[in-house]
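Enquirer: Please read through the structure below; I'll follow up with questions.
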Amino acid sequence: MKPVRLGVLLSGRGSNFLAIAESIRTGKLTGAEIAVVIANVADAGGIESAQKLGLPTIVLVSKGRKRAEHDAEVIAALKQHDVDLVILAGYMRLLSPEFVAAFPNKILNIHPALLPAFPGLDGQTQAFEYGAKIAGCTVHFVDEHLDHGTIILQRAVPVLDTDDAHTLAERILVEEHLAYSEAIGRVVSGEYTTVGRRYVRRDAAK
Ligand code: GRF
């Protein structure tokens, strides 16, 4: 079967992108290939990493641009690269409704908290300051609402008494790197389906 083509969008260091690339390289994640890596920030570290891996990269700076116009360029670039599945990997920009509609149920995001708790910026610090005892990360489909679409997979991380927001974020990041590839694997496998808001194995779906 033809591999599912991933279009990775990022704004920063790109450690989640690298973890996905490594999972593909080592055969832990099969049935997917990275078609293009797109950044909306000129000096995003993830772009340099992608270039080193020999992957196609594009920078489309979003600062000062109208969301709809910028999104239209990103959509065009994704389509040009025959992208099947859009992977938001630290993409610090809200998507317009037009973007979401252009890839229905084909956009994934990772959030560093156990949704629906602590949506928005800096979920790890929010969870830490709230005094949560269990933190974690969520991979979910993107819909038109912030950090809201169907949950594909979550991984939990206990909050230790000795933690600060930084140490907690570091341990959550370790789990993010595992969670994202596993979640992509579930989506590309075709073995999962959506029942209401529940993303479950087809053979178990009720
Ligand atoms: C991660 O914590 C991710 O959950 C959040 O943004 C951060 C991106 O980190 N959405 P990286 O660029 O993948 O290292």
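Enquirer: Amide H to amide H under 5 Å from S11: which residues, 5+ apart in sequence or cross-chain, H placed 1.01 Å off N in plane?
Expert: Y91, M92
Enquirer: Report the Cα centroid-to-centroid distance between segment 1-49 and segment 58-136 in angstrom, as an integer.
Expert: What the calculation gives is 14 Å, centre to centre.
Enquirer: Another one. Carbon and sulfur: what percent of segment 7-104's accessible surface (1.4 Å probe)?
Expert: With neighbouring chains kept in place, the figure for segment 7-104 is 55 percent.
Enquirer: If you project the alpha carbons of segment 40-141 onto the principal axes, what extent comes out on each, in Å, largest first?
Expert: 45, 32, 28
Enquirer: Now, a different point. Would you list which lysines come within 27 Å of K66, measuring only between C-alpha atoms, while excluding same-chain residues fewer than 8 positions from it?
Expert: Of all the lysines, those that pass the test against K66 - Cα under 27 Å, at least 8 places apart if same chain - are K79, K106.
Enquirer: Another one. Taking only protein heavy atoms and a 1.4 Å probe, what accessible area per residue, in Å², does segment 1-146 have with all protein chains in place?
Expert: 50
Enquirer: Count the DSSP beta bridges whose two residues both fall in the chain, then state the antiparallel fraction as a percent rounded to the nearest 5.
Expert: So the antiparallel bridges in the chain amount to around 45 percent.
Enquirer: Quick one: what are the phi-derived ³J(HN,Hα) couplings along segment 142-148, Karplus 6.51/-1.76/1.60 with θ = phi - 60°, whole Hz, x for glycine and proline?
Expert: Calculated HN-Hα couplings, in order: 9, 10, 7, 9, 5, 6, 10 Hz.
Enquirer: While we're on this one: List the relative contact order of the chain as a percent without decimals, with contacts defined as Cα pairs under 8 Å and 6+ residues apart.
Expert: Contact order relative to length: 19 percent.
Enquirer: Which length gain, in nm to one decimal place, applies between D161 and E69 when the Cα-Cα distance is subtracted from 0.36 nm times their residue separation?
Expert: Difference between extended and current length: 28.5 nm.
Enquirer: Compute the length gained on full extension between M92 and L146: take 0.36 nm times their separation in residues and subtract their Cα-Cα distance, giving the result in nm to one decimal.
Expert: The span from M92 to L146 would gain 18.3 nm if fully extended.
Enquirer: Could you run the Debye sum over the Cα atoms of the chain, one equal point scatterer each and no solvent, and tell me log10 of I(q)/I(0) at q = 0.12, 0.19 Å⁻¹, two decimals?
Expert: Log-scaled intensity ratios, in q order: -0.60, -1.47.
Enquirer: Let me ask another. Through the Karplus equation 6.51 cos²θ - 1.76 cosθ + 1.60, θ set to phi - 60°, convert the phi angles of segment 88-95 into ³J(HN,Hα) values in whole Hz; use x for Gly and Pro.
Expert: Ordered by residue, 3J(HN,Hα) equals 7, 10, x, 8, 8, 8, 5, 8 Hz.
Enquirer: What value, in deg cm²/dmol to 500, does the helix sum -39500 (n - 2.57) over DSSP H runs of n ≥ 4 give at 222 nm once divided by the residues of the chain?
Expert: Calculated at 222 nm, the ellipticity per residue is -11000 deg cm²/dmol.
The values are calculated or read from the model by the stated rules, or taken from the named source; none is laboratory data. Predicted, not measured: the structure shown is a model, and the values here were computed from it. For accessibility, only protein heavy atoms count, side chains too; no ligands or nucleic acids. Shrake-Rupley method; radii C 1.70, N 1.55, O 1.52, S 1.80 Å.
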